[in-house]
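In what follows, a structure is listed as structure tokens, so that the remarks can point back to it.
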Amino acid sequence: MTDVVHIRHITEADWDGIVAIESRAYAGLGLSEGRAALRSRAEISPGTCFVLDVGSGPAGYLLALPYPALRYPDLERMEEAVAVVPPHPAPAYRNLHLHDIVVAEGLRGRGLGQRLLHHFTLTARSRGYERISLIAVGGSDTFWSARGYTAHPGISPGGYGANAVYMSKAVPTDLGAQPEPTGVVPRGPSVPTKRADARVPCP
């Protein structure tokens, strides 16, 4: 059997599910931010934040927002309220920070995180962003390195746990034409991964 996969923008009804998924992924690591902080990041740039639906409900999410290169959100603070970011960023804000990507535990290992990441990258390109940055946590920098992200050794991200690594890469130009929000994913046991489906802060 298969479940239909749909990637879409976040709505008000999604927040209980997002907060629950985030808490299960990060409370044990001391990296859970809570509802207010998560919402404040999504509200900066709703066009670059997504929910992953599988079957009848949310199975994951992705939060990304424009941030100056070599800077990153403070996990202990909400983002300051600003006007919604326009579809095409000004030159000073052409870095898009991939703050958080999580797939629910029981659905990891099926390529859903990769699918969500691909959709996000296509969106970044279509909106005129030039680079994507992130903070790899929990030893996930090897995963991100294999996908073209480069570490910036001079930056030590405070508040993101031991061995956190700030990384970035240029937005690729050879991705295909459009995001593909729907499709199917087979049901079955989860296959272990290097937690690419978890978070950025992104184990």
**Prompt:** For segment 41-72, which residues satisfy the criterion of being under 13 Å from residue 12 (Cα atoms) and part of a helix (DSSP H, G or I)?
**Reply:** 42, 43, 46
**Fill in**
Of the listed residues (90, 81), the one being modelled with pLDDT under 95 and open to solvent by 80 Å² or more (accessible area, probe 1.4 Å) is 81
**Message:** Suppose we filter segment 22-38 for residues that are in contact (Cβ under 8 Å) with a residue 24 or more places away in the chain and surrounded by fewer than 20 Cβ atoms within 10 Å (Cβ to Cβ); how many remain?
**Reply:** 5
**Prompt:** Among the residues of segment 33-40, is any in a loop (DSSP other than H, G, I, E, B), of a type in the set (A, V, I, L, M, F, W, C) and modelled with pLDDT of 90 or more?
**Reply:** no
**Message:** Take the residues in segment 139-164 that are touching a Gly at 6+ places or on another chain (Cβ under 9 Å) and either outside any loop (DSSP other than H, G, I, E, B) or surrounded by 14 or more Cβ atoms within 10 Å (Cβ to Cβ) (or both); name whichever of them is modelled with the highest pLDDT.
**Reply:** 164
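The values are calculated or read from the model by the stated rules, or taken from the named source; none is laboratory data. Here the structure is a predicted model, which means the values were calculated and not measured. Note that we place each Cβ from the backbone using ideal geometry, even for glycine, and neighbour counts take in every protein chain shown. For accessibility, only protein heavy atoms count, side chains too; no ligands or nucleic acids. Shrake-Rupley method; radii C 1.70, N 1.55, O 1.52, S 1.80 Å.
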